[in-house]
Amino acid sequence: MTAASPEDLRQARRGAVADTLADIRRLSAAQIDRAALDRIAARLAVLAARAELFSRADFPPPAAEAGVGASTRYRLNPDDGDEDIALYLNSINPGKKTIPHNHDTWAVIVAIEGQEFNRVYRRVGQNADGSVIRLEVERELTVEPGTPIAFLAQDLHSIHVAGDTPTLHFHLYGRPLETLTGRIGVDPDTGAVVNYNATQMKPSEAAAA
């Protein structure tokens, strides 16, 4: 059997992504609750099972010289603009960690390969103006193939990339990350609240056409 050409694979990927997002739009058209997020995660896992469509050639991990914890985020549906759901493919070098943060929209993370350890937090108090929030860990979970995680808009989590190879994970959001200017992060030591996008996030990369 003749191997598929790179262009054939890219066309197949574009079609698979479009079909997946069409199904997810239907699943997210009604109220988003945790049951709906579970259904969305299950549909995204079907796409993740087609790992041959998401090669390291088209979605390279951060270069070794970029250092421990470097990350690259590719938007897979940029033509859908800023008013639609947004699907990214993230590749993160081991050692990456984030401060606790929310997304200000719903989010689903599904792995193709690699491990991302998540801590999910509950709020246990804050000061009068909300500039300091006290958190405690509610649960922990490692996102890896077959084990997704999902969040409602104000859920707080942090990530800690484990293992010895870069991740390749889908991150799906109700709106593009770049538009979520109200996201917060919480300093794990002091509880101080910061604007997450402004202080913690770098721009996405263009995906292979």
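The values are calculated or read from the model by the stated rules, or taken from the named source; none is laboratory data. Being a predicted model, the structure only gives us computed values, none of them experimental. All Cβ positions, glycine included, derive from the backbone under ideal geometry; neighbour counts span all protein chains shown. Surface areas here come from the heavy atoms of the whole protein model, side chains and all, with no ligands, DNA or RNA. Shrake-Rupley method; radii C 1.70, N 1.55, O 1.52, S 1.80 Å.
At the residue level, Ser28 shows approximately 30 square angstrom of accessible surface with a 1.4 angstrom probe and all protein chains present.
Computed from backbone phi, the HN-Hα couplings of region 86-91 come to 10, 10, 10, 10, 9, 10 Hz, rounded to whole numbers (Karplus: 6.51 cos²θ - 1.76 cosθ + 1.60, θ = phi - 60°; Gly and Pro given as x).
Of Asp79, Asp38, the order by accessible heavy-atom surface (1.4 Å probe, DNA, RNA and ligands excluded), from most exposed downward, is Asp79, Asp38. The listed residues Arg14, Arg26 rank as Arg26, Arg14 when sorted by accessible area, largest first, using a 1.4 Å probe.
In deg cm²/dmol and to the nearest 500, what is the mean residue ellipticity at 222 nm of the chain if only DSSP H runs of at least 4 residues count, each as -39500 (n - 2.57), divided by the residue total?
When only DSSP H runs of four or more count, the value is -6500 deg cm²/dmol.
Considering only beta bridges that DSSP places wholly inside the chain, some 95 percent are antiparallel. Seen through its C-alpha gyration tensor, with square-root eigenvalues sorted a ≥ b ≥ c, region 81-125 comes out oblate because a/c lies at 1.5 or above while a/b is not bigger than b/c.
Between Ala66 and Ala128, the FRET efficiency from the beta-carbon distance, with R0 = 45 Å, is close to 0.60. One decimal place: the segment Thr165-Ser5 gains 55.0 nm when fully extended, by the rule 0.36 nm per residue minus the C-alpha distance.
Across the accessible surface of the chain, with the other protein chains kept in place and a 1.4 Å probe, carbon and sulfur atoms take up 51 percent. Solvent-accessible surface of the chain, averaged per residue with a 1.4 angstrom probe and all protein chains in place: 49 square angstrom.
Tell me, what is the 1.4 Å probe accessible area of Ile184, in Å² to the nearest 10? Per-residue accessible area (Ile184): approximately 40 Å².
Using 0.36 nm per residue, how much length does the chain from Ala192 to Glu136 gain when fully extended, once their Cα-Cα distance is taken away?
Computed gain between Ala192 and Glu136 is 18.7 nm.
For the set Lys96, Lys202, solvent exposure ranked by accessible area (probe 1.4 Å, protein chains only) runs largest to smallest as Lys202, Lys96.
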